[in-house]
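Everything on this sheet refers to the single structure shown next.
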There are 2 protein chains.
Amino acid sequence: MPHEISPSPRIRRSPYYAATLEEGVTAFSTYNHMLMPTSYGDPEAEYRRLVEGVAMWDVAVERQVELTGPDAGRLAQILTPRRLDRLAVGTGWYVPVCDHRGVLINDPVLLKHAEDRYWFSIADGDLLLWARAIAAERGLDVTVVEPEVAPLAVQGPRAEDVIAALFGEEIRAIRHFRFREVELDGIPLVLARSGWSRQGGFELYLLEPSRGVDLWHRVRAAGRPFDIGPGAPNPAERIESGLLSWGGDTDDATTPFEVRMSRYVHLDAPAEVVGIDALRRIARAGPARHQLGAVFDAGGPLAAPDLWCQVTLEGTLLGHVTARAFSPRLGTIVGMCLVDRRLRPGDRVGVSLPDGAAAAATLAGFPLV
Amino acid sequence: MPHEISPSPRIRRSPYYAATLEEGVTAFSTYNHMLMPTSYGDPEAEYRRLVEGVAMWDVAVERQVELTGPDAGRLAQILTPRRLDRLAVGTGWYVPVCDHRGVLINDPVLLKHAEDRYWFSIADGDLLLWARAIAAERGLDVTVVEPEVAPLAVQGPRAEDVIAALFGEEIRAIRHFRFREVELDGIPLVLARSGWSRQGGFELYLLEPSRGVDLWHRVRAAGRPFDIGPGAPNPAERIESGLLSWGGDTDDATTPFEVRMSRYVHLDAPAEVVGIDALRRIARAGPARHQLGAVFDAGGPLAAPDLWCQVTLEGTLLGHVTARAFSPRLGTIVGMCLVDRRLRPGDRVGVSLPDGAAAAATLAGFPLV
């Protein structure tokens, strides 16, 4: 049953807010203390647009934690066990951020703007507090702030056409996770080939929040020939594609090894990296759990998709389904699982649904589609 | 215009969730990555209940950051500039938590359970990350976790009667901010005289989340003779009473001196307290802003109560109204202001409303009623 979201000064609006109202936004979530549009009333159309055409998303909630100053690079490296030696200016890398126990506390994209300027483009947690604490406790010469930057994502197989229509054909040469500063009729932006889907696309990091609605309208107009429409990070597509939702798929014990980030944990990272000792120990012991997809047997409604569900094999509890959504392409419910590593793709498992019903699912590797 | 809140595994349910559905909850906010009921469809009745009778609130979102171990007391002191020498076991104190710049990053109640066990009962920010960072960077022997504790607030002039009906007449002797461990038919609780209103009342910190609905029903039944009903932290009452909403009334520069917490900043606190040097400097210079109430001239709707409004005096911008609500007792809109310290109670100011309209208000000290 739907419930209202109450307005609160604790929960900020996006610079695109008025534009999303014009588009008929019907539902929001909150993320990093901001409102995030989650639906425009037609989930099927929003999904089709993303996987077959092009969608535009207000993801201003994807906040930046900016490091500037002489020790910016050193702090960036201290905060992640991924070695940054080869991170070039103009490149973004997906990086784990761990606490001293080796537990994953965020999974940002780290954008290197200059040797002395970085952005962590963060998941839903106050990484700003963490970064400031570490910087100050270690006496580093660095400033850590959350700048007024608001990403707008353009995602889907036709996204590149829309971006080329706006910025010229040469942008087609931008490689995955590369970015550059651009202007659109005086609107300052960082343009990156990135985004929280596996359908391809770009993110426009708006640097001047007062131009949000203006930017939205320009992208909308350029996308009209490609049938662009509004959308949001898509629960079904991201499960099909195996994208992690930190805070939703993780708990207070989840390590990067458990959520398919092992290749971003470099055990030879510098000794001053937070959590590196713990990560070495955990790597030796091997992770207890891992992430797999689940394809549910057809039938049965999607009760309470906000709740984790128990996964059982022959009556033994072996983990959880951490997220579920209806996959239009598979015609059934799909799930993201965090389960005992003894479970493998192809295994048939039982799932206890929140309404008390029992379901059956087949485990699978990603992508599911 | 009301919008739906989308279900998400990132945003947890309270142990009282099913009970609040039974009560007809109509709206939620989010707070500390959880759903917080904000209305049951009759704001006027919810307000009256709180100021004239008794209301029960699901405030499970008020999370605990628990410190345990030999260095728990030392870490608690490091995290706040309020001197804790005289904090006795069984007492909770309202404490500022500041970063190294002296900026307020949370305003919890600190409950001392034992010499080696403390809870920070927190506002809407990931203090868990902050506390863990400081503890680990300083090499302290302390464990920092968020336990599964879910407060239920019973607030209003008849709250004590309800609590006495449940726990016996002797609880009337519990003084403000004192707490004790109790049981209610096997439900383990911490019972504290506290709560985010100035109408008096208690908070029941549920220690066994599976008993949430059970506890709700028992409080409901005991409150029936006193006409108890559901409610939520009340935007109007808290402004009338001058209670701070951290994250709503504050920005990334707000110091405790600006938000009426000066008496909880002890400049002779130990040198290892985070931010103490900065606080001494700020105290010498004097804060730039302070908090006052605003009573709006009658008339005019409450447009977009989530937005800050500019406060002007003869055309000069002198601060913001950080929150607004309709006060049934004053019959007009009231506001919480963070303004230049040259502004004083009694001053007449202009306010730019979000819909573009101009309003006039009179500044006032707290409480407003």
Per DSSP, the loop-located GluC sites (Glu not before Pro) within the range A:224-294 having at most 13 other beta carbons within 10 Å are A:Glu272
With springs only between Cα atoms under 10 Å apart, run a GNM on chain B and tell me which of B:Leu313, B:Leu128, B:Leu152 wobbles the most. B:Leu313
Between the range B:310-334 and the range A:236-309, what is the C-alpha centre distance in whole Å? 47
Put +1 on the Cβ of every Lys and Arg and -1 on every Asp and Glu Cβ in the protein assembly as shown; which of B:Cys309, A:Leu84, A:Trp196 then has its Cα farthest towards the positive end of the dipole? A:Leu84
Which value, in square angstrom to the nearest 100, describes the accessible area buried between chains B and A on both sides, using a 1.4 angstrom probe? 4400
Just need the relative contact order of chain A here, percent rounded to a whole number, with Cα pairs under 8 Å and 6+ apart. 17
Taking θ as phi - 60°, what are the ³J(HN,Hα) couplings along the range A:144-154 by the Karplus curve (6.51, -1.76, 1.60), each to the nearest whole Hz, with x for Gly and Pro? 10, 9, 9, x, 7, 10, 10, x, 10, 9, 10
Once the label point is placed 7 Å from Cα along Cβ, list for B:Gly300 the distances to the corresponding points in the other copies, in nm, shortest first. 5.5
Treating only the Cβ of Lys, Arg, Asp and Glu as charged (+1, +1, -1, -1), what charge dipole size does the range B:146-291 show about its Cα centre? Round to the nearest 20 debye. 540
If every Lys and Arg gets +1 and every Asp and Glu gets -1 at its Cβ, then about the Cα centre the range A:265-353 yields a dipole, in debye to the nearest 20, of 180
Which positions within the range B:1-20 get 40 Å² or more of their accessible surface covered by the other protein chains, compared to the chain by itself, with a 1.4 angstrom probe? B:His3, B:Glu4, B:Ile5, B:Ser6, B:Pro7, B:Pro9, B:Arg10, B:Arg13
Return one whole number: the accessible area per residue of the range A:48-198 in Å², for a 1.4 Å probe. 33
Taking +1 at the Cβ of each Lys and Arg and -1 at the Cβ of each Asp and Glu, which of B:Phe28, B:Ala18, B:Gly168 sits farthest along the dipole of chain B towards its positive end, judged by Cα position relative to the Cα centre? B:Gly168
Using a 10 angstrom cutoff on alpha carbons, build the Gaussian network for chain A and name the most mobile of A:Glu52, A:Glu203, A:Glu160. A:Glu52
Quick one: how many Å² of B:His217 are accessible to a 1.4 Å probe, rounded to 10? 80
Whole-Hz Karplus ³J(HN,Hα) for the range A:351-362, in order, using 6.51 cos²θ - 1.76 cosθ + 1.60 and θ = phi - 60°, x for Gly and Pro? 10, 8, 6, x, 7, x, 6, 9, 10, 10, 8, 10
How large, in percent, is the carbon and sulfur part of the accessible surface of the range A:311-369 at a probe radius of 1.4 Å? 52
Kindly tabulate the residues in the range A:113-138 with an accessible-area decrease of at least 40 Å² between the chain alone and the assembly of all protein chains, using a probe of 1.4 Å. A:Asp124, A:Asp126, A:Leu129, A:Trp130, A:Arg132, A:Ala133, A:Glu137
Kindly state, to the nearest 0.05, the FRET efficiency for A:Arg172 paired with A:Thr26, given R0 = 35 Å and r defined as their beta-carbon distance. 0.55
Furthest towards positive pole of dipole, B:Thr38, B:Leu75, B:Trp93, structure part the range B:30-109, Cβ charges: B:Leu75
Taking amide H positions as placed 1.01 Å from N in the peptide plane, with prolines and chain starts having none, which residues 5 or more places from B:Met36, or on another chain, fall under 5 Å of its amide H? B:Ser29, B:Thr30, B:Tyr31
Once you charge only the Cβ atoms, +1 for Lys and Arg and -1 for Asp and Glu, what is the size of the charge dipole of the protein assembly as shown about its Cα centre, to the nearest 20 debye? 1080
Per its Cα gyration tensor (rounded if a/c is under 1.5, else prolate when a/b beats b/c, else oblate), chain A is best filed as oblate
For the range B:1-68, shape from the Cα gyration tensor axes a ≥ b ≥ c, cut at a/c of 1.5 then a/b versus b/c, turns out oblate
With labels modelled as points extended 7 Å from the Cα through the Cβ direction, what inter-label distance (nm, one decimal) is found for A:Arg348 paired with A:Gln310? 2.1
Mean-position separation - Cα centroids, the range A:7-75 and the range B:124-151, in angstrom: 29
Run the accessible area of the range B:22-90 with a 1.4 Å probe and give the carbon-and-sulfur part as a rounded percent. 47
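Per residue, how many Å² of accessible area does the range B:290-369 show with a 1.4 Å probe?
Working: 3470 Å² over 80 residues.
Ligands and nucleic acids excluded, the figure is 43 Å² per residue.
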Can you list the distances in nanometres, one decimal and ascending, from the B:Pro367 label point to the identical position in each other copy, with the point 7 Å along Cα to Cβ? 6.0
Tell me the carbon and sulfur percent of the accessible area for the range A:137-238, rounded to whole percent, probe radius 1.4 Å. 46
Chain B: most fluctuating residue of B:Pro287, B:Pro233, B:Pro81 per GNM, C-alpha cutoff 10 Å: B:Pro287
Output, in nm with one decimal and in ascending order, the distances from the B:Arg263 label point to the matching label points of the other copies (7 Å from Cα along Cα-to-Cβ). 6.0
Rounded, prolate or oblate, given the Cα gyration tensor of the protein assembly as shown, with a/c below 1.5 counting as rounded? rounded
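The values are calculated or read from the model by the stated rules, or taken from the named source; none is laboratory data. A quick note: this is a predicted structure, and the numbers were derived from the prediction, not measured. Every residue, glycine among them, receives a Cβ derived from its backbone with ideal geometry; neighbour counts consider all protein chains shown. We work out accessible area using only protein heavy atoms, side chains counted, and drop any ligands, DNA or RNA first. Shrake-Rupley method; radii C 1.70, N 1.55, O 1.52, S 1.80 Å.
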